[in-house]
Amino acid sequence: MDKPVITRAMIDAYDEYTHLTLDRRAFMEKLTKLAGSAGAAAAIAPLIGASKASADMIASDDARLVTKDITFPGKAGEMKGYLVQPKEMTDKLPAVIVVHENRGLNPHIRDIARRMALEGFVVLAPDFLSPFGGTPDDEDKARDMFAKLDPAATVAEAQGSLAYLAKLDGANGNVGIVGFCWGGGVVNRFATKSPELKAGVAYYGQQPPLTDVPGIKAALLLHYAGLDDRINAGIDAYRDALDENNKTFEIYVYDGVNHAFNNDTSAARYDKNAADLAWKRTVSFLKKYLA
């Protein structure tokens, strides 16, 4: 069977569904028209979305790591999270918060946390759906839950995660944050509110209110996908505001790749070259500003 052809319009339809409308029925109807049949649409949809089956680049029981599910104090109640650190630690390490996409704390984000820990960090991946009991197995239900989150409350919970990591045994007190998609937007907003944050890395994240940019103290690394028109519309104004306020930042736009290019569980949108380069830049940036 030939591999289905996935067009730009199909990916745009998925992004509209997953970030704006949250209406799966309308998405499948649109995809059916674009693909030519319901059968073709059914084959294409999983390739555009994420596959839990391909989430583990680093095994969950990797002998080099200590991993555990934890609960820790949040601003509005108990938060759930996934804590990872290298097993062999001779010195205290910098700490990194990993913020998930709008699917919650899923296997892919847990894998990202393990990858980051192997780079020499203590890593916490909080579950920002903790106020609703945590991330459900059904990703459509998870996406629906994000619409109920208050942005200010989410930033407050990010601050609670920072406070927890800053005092954790084995951490050196310097905390950075990395976020993807929805999580990238959290990074941008959090940076405007947290004077304690040392470094932030946002992957294709929505820009914060520009009036809040003066509050940024952290160094920022901003990754964008060249084909991501929705998010990229805000780059120029954000760059100008960062410049005007003398902030420390780097911006990279990866030509010819889609939103979520780092997510290797999405066959249609993942771009290995862009993801590898962005990851290399991310690790180097965090080591520079969290040492």
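Summary table below
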{"item": "Set D137, D62: member being surrounded by fewer than 22 Cβ atoms within 10 Å (Cβ to Cβ) and over 19 Å from the mean Cα position of the chain (by Cα)", "result": "D62"}
{"item": "Selected residue [within 30 Å of T90 (Cα to Cα) and modelled with pLDDT of 95 or more] from A241, A225, A233, A158", "result": "A158"}
{"item": "Identity of the residue in segment 78-115, of a type outside the set (D, E, K, R) and out of contact with any strand residue (DSSP E or B) (no Cβ under 8 Å at 6 or more places or on another chain), that ends up nearest to T21 (Cα to Cα)", "result": "N102"}
{"item": "Tally, over segment 243-291, of residues that are aliphatic (A, V, I, L, M) and closer than 19 Å to V187 by Cα", "result": "8"}
{"item": "Some residue of segment 237-249 being within 18 Å of the chain's Cα centre (by Cα) and either more than 23 Å from L290 (Cβ to Cβ) or aliphatic (A, V, I, L, M) (or both)", "result": "no"}
{"item": "Unique match (being closer than 22 Å to A260 by Cα, under 18 Å from the mean Cα position of the chain (by Cα) and part of a helix (DSSP H, G or I)) among R114, R103", "result": "R114"}
{"item": "Selection status of G160, of a type in the set (G, A, S) and assigned to a loop (DSSP other than H, G, I, E, B)", "result": "no"}
{"item": "Selection within segment 252-291 - in a helix (DSSP H, G or I) and in contact with a Lys or Arg (Cβ under 7 Å, 6 or more places away or on another chain)", "result": "Y289, L290"}
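The values are calculated or read from the model by the stated rules, or taken from the named source; none is laboratory data. Since this is a predicted model, take the numbers as computed values, not measurements. Glycine gets a Cβ as well: all are built from the backbone with ideal geometry, and neighbour counts include every protein chain shown.
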